[in-house]
Amino acid sequence: MTWCYDWPRAAVTADVCALSRDPDGRWHVLLVTRANPPFAGCHALPGGFLDVDREDLETCARRELKEETGIDAPNRLPLLGVWSRPDRDPRGHTITAVYLARFAWPPPAPRAADDAADARWRPVMDAAPLAFDHADILRTALQHVGMNENR
């Protein structure tokens, strides 16, 4: 039986905040350049929409990371948090679960694909500006790993 509701529902996405620390102690973040609106041409964390009825959020995060960057997620992919502010995505109310991926240095080389025009590791201090609320997500990830954002 299929249920229909009288009220609107939010979209669901999963993103990956992938970090790696170089020998000098500087953090780098894996970013894609968005090929499509909204924010076409802007840098963002890899991620995308949940395949409803086919995957859970962690599977979605792993799939999107692989599709957009060619990089396999590490075995350990902890949930960093959930971002749900109604205005975070201009397409409508979108809730995202963000997973934290940590890679040893040097991190795997990305290869842009799917809806990413480019994918590369960038020093955190050169990451801004970011699409959506991804700067806030990155700040949270850096706090989680216990490092100053400018290092």
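For the range 85-106, how many residues are surrounded by 14 or more Cβ atoms within 10 Å (Cβ to Cβ) and in a loop (DSSP other than H, G, I, E, B)? The qualifying residues number 3. Taken across the range 139-147, residues that are under 14 Å from the mean Cα position of the chain (by Cα), modelled with pLDDT under 95 and surrounded by fewer than 16 Cβ atoms within 10 Å (Cβ to Cβ) do not occur at all. The condition of being touching a residue at least 40 places away in the same chain (Cβ under 8 Å) and hydroxyl-bearing (Ser, Thr, Tyr) holds for only one of 33, 2, that being 33.
Would it be correct to say that residue 13 is part of a strand (DSSP E or B) and either in contact with a helix residue (DSSP H, G or I) (Cβ under 7 Å, 6 or more places away or on another chain) or under 21 Å from residue 75 (Cα atoms) (or both)?
On the way: part of a strand (DSSP E or B): yes; either in contact with a helix residue (DSSP H, G or I) (Cβ under 7 Å, 6 or more places away or on another chain) or under 21 Å from residue 75 (Cα atoms) (or both): yes.
So residue 13 fits the description; yes.
Under the condition of being within 13 Å of the chain's Cα centre (by Cα), in a helix (DSSP H, G or I) and buried (at least 21 other Cβ atoms within 10 Å of the Cβ), the residues counted in the range 124-138 number 3. Before we move on, is residue 139 under 22 Å from residue 26 (Cα atoms), out of contact with any Pro (no Cβ under 6 Å at 6 or more places or on another chain) and free of Cβ contacts under 8 Å to residues at least 60 places away in the same chain? Taking the combined requirement at face value, the residue satisfies it. Across the range 53-84, the qualifying residues are those that are of a type in the set (Gly, Ala, Ser) and assigned to a loop (DSSP other than H, G, I, E, B), and the one among them that is surrounded by the fewest Cβ atoms within 10 Å (Cβ to Cβ) is 84.
The values are calculated or read from the model by the stated rules, or taken from the named source; none is laboratory data. The structure presented is a predicted model; accordingly, all values stated were derived computationally and were not measured. Don't worry about glycine lacking a Cβ; one is built from the backbone with ideal geometry, like all the others, and counts go over all protein chains shown.
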